[in-house]
Amino acid sequence: MASSAMVTANQLIIMAELKLFRTWSSRFALRVVWALDLKGIQYDTIFEDLSNKSSLLLQYNPIYKKVPVLVHNGKPLLESLVILEYIDETWKQTPLLPEDPSERATARFWAKFGDDKVLPSIWNVFIKQGKDQEEAIVTAQENLGFVERQLTGKKFFNGETIGLVDLAFGWLANLLSVWEEVCGATLIDHEKFPLLLEWIQNFADAPIIKERWPPRDKLITKYQAHHEVYTSKGAPK
Amino acid sequence: MAEDSVKLLGYWASPFALRVKWALKLKGIQYQYVEEDLPNKSPMLLQYNPVYKKVPVLVHDDKPLAESLVILEYIDEVWKHNPLLPTDPYERAKARFGPNLPKTSKKGEEKEKAAKEARENLKTLESGLEGKRFFGGETIGFVDIAAGWIGCWAQMTGEIIGIKLIDAKTMPLLDAWFKDFLEVPFIKECMPPQDKLLEHNKEFHKILTAAST
């Protein structure tokens, strides 16, 4: 009796059209949440505890075992930026990417730069100390300089409305200040990064976006724990 | 399209520039090729790609684009014949995810670990070939062009570090695909001379391992 009920429950889960596996804090999953919300798409959310992954998550993402995973009609999609493009191609309202090919290429370039360079360089500032941290700050600020210049004459990276690049850089609007507070380093100030600070304000308070921020106090606690691990003696580099 | 309007800045031994050459060739796009002398980057390259200062850079109607996979998508959107990506959004997502292999470390001591990771990544790629001649199906597509360099470079890296990366027994589809792919005339045409490339990669490997000691 119990096992047939479980089978039915699983079948019901599989039949539900759109579901998103995420964690409360994942900056990558948050991009997908925003994209779906901006387009007014209904979906089910499954919150994962990454120290105890559900069998369903492992079934859908057996190799990387990560979030986010978006499952549409039983088919899994991985990698937040790939998922965003899929969402944009499948639901055409409130487009995340412009129509012009060179503008699209530019957007993809900056989204990738954010993940490949900006994010790791800022994380580097967070986990390092002393002279190493000073050097890391220089690199991070160089990268942020490129990002700052992209905002020249624009409210959002996408222009007047929020787009893929804004969602990709969303973590700058909440996590950056959390990391700055926890590790005691300041990366962006009004003198060098006025446009970025303005963007952070506009993005953080934007309708739909603002509904989904994870609680700041919980993030502080989480990253304080991370910071302790990284800065204790014999911490992994 | 006139040749003047498309320009590619590349380097003969760059697998990423090779991706773009293949895509342009597949679509029959005329272009001007500029070979960069990488130890002495040209002011033009630095102007066109100030963020990474790397090749490839595609310049179309005076607009520069960097990052090879971004360039491939751009080419596919502007020149719609001989499409690289499929039309179905889910298939497109799978193709975009395809070249997404976790980076492996190259340092000397971690050689065994790196080789193991590389083989895992290759096995993942293998599963995308089931029932197909190319990743794109009957014709060459986005993943073929994005991953094509791996066959040649994996072979060479295997020789250089003394560990075989592509195993015909555990990766039969990949092994067959590499051979098949590299024999396609327009693919073969663009490949750099193998002996020169092996020497270049050996030198590069020496520099990398020296830097980590």
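Condition first: farther than 19 Å from A:W171 by Cβ, more than 14 Å from chain B (Cβ to nearest Cβ) and over 19 Å from the mean Cα position of the chain (by Cα). Can you find one or more residues in segment A:136-150 that meet it?
yes
Check off (1) under 25 Å from B:L197 (Cα atoms); (2) surrounded by 20 or more Cβ atoms within 10 Å (Cβ to Cβ) for B:F135 and give me the number that stays unchecked.
Answer for B:F135: the failing condition is (1).
I'd like to check which helices (runs of 4 or more DSSP H) are fully inside segment B:19-108 and have at least 3 residues that are more than 13 Å from chain A (Cβ to nearest Cβ). Walk me through it before giving the result.
Values: elements: B:43-48, B:68-78, B:89-97.
Qualifying helices (runs of 4 or more DSSP H): B:43-48.
Going by the structure shown, is A:L176 within 20 Å of the chain's Cα centre (by Cα), closer than 18 Å to A:N143 by Cβ and of a type outside the set (G, A, S)? So that I can check it myself, show each step before the final result.
Values: within 20 Å of the chain's Cα centre (by Cα): yes; closer than 18 Å to A:N143 by Cβ: yes; of a type outside the set (G, A, S): yes.
Here the answer is yes, as A:L176 does meet what is asked.
Here are some residues: B:L198, B:L173. Which one is touching a residue at least 24 places away in the same chain (Cβ under 8 Å) and touching a Lys or Arg at 6+ places or on another chain (Cβ under 9 Å)? Talk me through it step by step, then tell me what you get.
On the way: B:L198 fails: touching a Lys or Arg at 6+ places or on another chain (Cβ under 9 Å).
The conditions single out B:L173.
Just to be sure I understand, how many residues within segment A:177-234 are of a type in the set (D, E) and exposed (fewer than 13 other Cβ atoms within 10 Å of the Cβ)? Write out each step before concluding.
Of all residues in segment A:177-234, those of a type in the set (D, E) come to A:180-181, A:189, A:191, A:198, A:205, A:211, A:217, A:228.
From what is left, the residues that are exposed (fewer than 13 other Cβ atoms within 10 Å of the Cβ) are A:189, A:191, A:205, A:211, A:217, A:228.
Matching residues across segment A:177-234 total 6.
Residues are listed down the side, and each one gets a yes or a no for (1) among the hydrophobic types (A, V, I, L, M, F, W, C); (2) assigned to a loop (DSSP other than H, G, I, E, B); (3) within 28 Å of A:T45 (Cβ to Cβ); (4) within 9 Å of chain B (Cβ to nearest Cβ):
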site	(1), (2), (3), (4)
A:L77	yes, no, yes, yes
A:E85	no, no, yes, yes
A:E89	no, no, yes, yes
A:Q93	no, yes, yes, no
A:L96	yes, yes, yes, no
A:R108	no, no, yes, yes
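Among the candidates A:D37, A:D49, single out the residue that is assigned to a loop (DSSP other than H, G, I, E, B) and away from chain B (no Cβ under 11 Å).
Details: A:D37 fails: assigned to a loop (DSSP other than H, G, I, E, B).
None of the others qualify; the one that does is A:D49.
Restricting to segment B:177-204, what's the tally of residues that are part of a helix (DSSP H, G or I), surrounded by 11 or more Cβ atoms within 10 Å (Cβ to Cβ) and under 18 Å from the mean Cα position of the chain (by Cα)?
16
Are there any pairs, at least 6 apart or on different chains, whose C-beta atoms fall under 7 Å, with the first in segment B:77-88 and within 18 Å of A:P98 (Cα to Cα) and surrounded by 12 or more Cβ atoms within 10 Å (Cβ to Cβ) and the second charged (D, E, K, R) and modelled with pLDDT of 95 or more, and if so, which?
Between residues of segment B:77-88 that are within 18 Å of A:P98 (Cα to Cα) and surrounded by 12 or more Cβ atoms within 10 Å (Cβ to Cβ) and residues that are charged (D, E, K, R) and modelled with pLDDT of 95 or more, the close pairs are B:E77/A:R104; B:W79/B:K27.
Looking only at segment A:110-134, filter to residues that are closer than 14 Å to A:Q150 by Cβ and either of a type outside the set (A, V, I, L, M, F, W, C) or not in a helix (DSSP H, G or I) (or both); which one of those is nearest to the other protein chains (Cβ to nearest Cβ)?
Going residue by residue through segment A:110-134, those that are closer than 14 Å to A:Q150 by Cβ are A:110-114, A:117-118.
Subset that is either of a type outside the set (A, V, I, L, M, F, W, C) or not in a helix (DSSP H, G or I) (or both): A:112, A:114, A:117.
On the way: A:K112: 6, A:G114: 11, A:K117: 8 Å.
Once the filter is applied, the top-ranked residue is A:K112.
What number of residues within segment A:152-195 are part of a helix (DSSP H, G or I) and touching a residue at least 60 places away in the same chain (Cβ under 8 Å)?
Start the filter on segment A:152-195 by keeping residues that are part of a helix (DSSP H, G or I), which leaves A:164-168, A:170-173, A:175-183, A:194-195.
Imposing the further condition that a residue be touching a residue at least 60 places away in the same chain (Cβ under 8 Å) reduces the set to A:164, A:167-168, A:170-171, A:175.
Counting residues in segment A:152-195 that are part of a helix (DSSP H, G or I) and touching a residue at least 60 places away in the same chain (Cβ under 8 Å) gives 6.
Please find, among B:A210, B:A147, the residue that is crowded, with 18+ Cβ neighbours inside 10 Å and among the hydrophobic types (A, V, I, L, M, F, W, C).
Working: B:A210 fails: crowded, with 18+ Cβ neighbours inside 10 Å.
B:A147 is the lone residue from the list that is crowded, with 18+ Cβ neighbours inside 10 Å and among the hydrophobic types (A, V, I, L, M, F, W, C).
So how many residues does segment B:11-32 have that are of a type in the set (F, W, Y) and within 9 Å of B:S68 (Cβ to Cβ)? Walk me through how you get there before you give the answer.
Residues of segment B:11-32 of a type in the set (F, W, Y): B:11-12, B:16, B:22, B:31.
Right, trim to within 9 Å of B:S68 (Cβ to Cβ) and you get B:16.
Of the residues in that region, 1 qualify.
So which residues in segment A:52-62 are within 12 Å of chain B (Cβ to nearest Cβ) and either modelled with pLDDT of 90 or more or loosely packed, with under 13 Cβ neighbours inside 10 Å (or both), if there are any at all? So that I can check it myself, show each step before the final result.
Keep residues of segment A:52-62 that are within 12 Å of chain B (Cβ to nearest Cβ), which gives A:61-62.
A:P62, the sole residue that qualifies.
Going residue by residue through segment A:57-67, is there one that turns out to be over 23 Å from A:D166 (Cβ atoms), free of Cβ contacts under 8 Å to residues at least 12 places away in the same chain, in a loop (DSSP other than H, G, I, E, B) and not aliphatic (A, V, I, L, M)?
Yes, there is a match, as at least one residue in segment A:57-67 is over 23 Å from A:D166 (Cβ atoms), free of Cβ contacts under 8 Å to residues at least 12 places away in the same chain, in a loop (DSSP other than H, G, I, E, B) and not aliphatic (A, V, I, L, M).
Which pairs have Cβ atoms under 7 Å, sit 6 or more apart or on different chains, and link a residue in segment B:23-45 that is modelled with pLDDT under 95 to one that is surrounded by 16 or more Cβ atoms within 10 Å (Cβ to Cβ)?
Within 7 Å, the pairs are B:L38/B:Y11.
Can you pull out the residues in segment A:135-151 that are in a helix (DSSP H, G or I) and over 21 Å from A:H226 (Cα atoms)? Walk me through how you get there before you give the answer.
As a first pass, look at segment A:135-151 and keep what is in a helix (DSSP H, G or I): A:135-150.
Listed by number, the residues that qualify are A:V138, A:T139, A:Q141, A:E142, A:N143, A:L144, A:G145, A:F146, A:V147, A:E148, A:R149, A:Q150.
Across segment A:63-75, what is the number of residues that are more than 10 Å from chain B (Cβ to nearest Cβ) and either hydrophobic (A, V, I, L, M, F, W, C) or surrounded by fewer than 21 Cβ atoms within 10 Å (Cβ to Cβ) (or both)? Steps first, answer last, please.
Looking only at segment A:63-75, we keep the residues that are more than 10 Å from chain B (Cβ to nearest Cβ), and these are A:65-69, A:71, A:74.
Imposing the further condition that a residue be either hydrophobic (A, V, I, L, M, F, W, C) or surrounded by fewer than 21 Cβ atoms within 10 Å (Cβ to Cβ) (or both) reduces the set to A:65-67, A:69, A:71, A:74.
Total satisfying the criteria: 6.
The values are calculated or read from the model by the stated rules, or taken from the named source; none is laboratory data. Please read all numbers here as calculations on a predicted model, not as lab measurements. Positions of Cβ are backbone-derived with ideal geometry, glycine not excepted, and every protein chain shown enters the neighbour counts.
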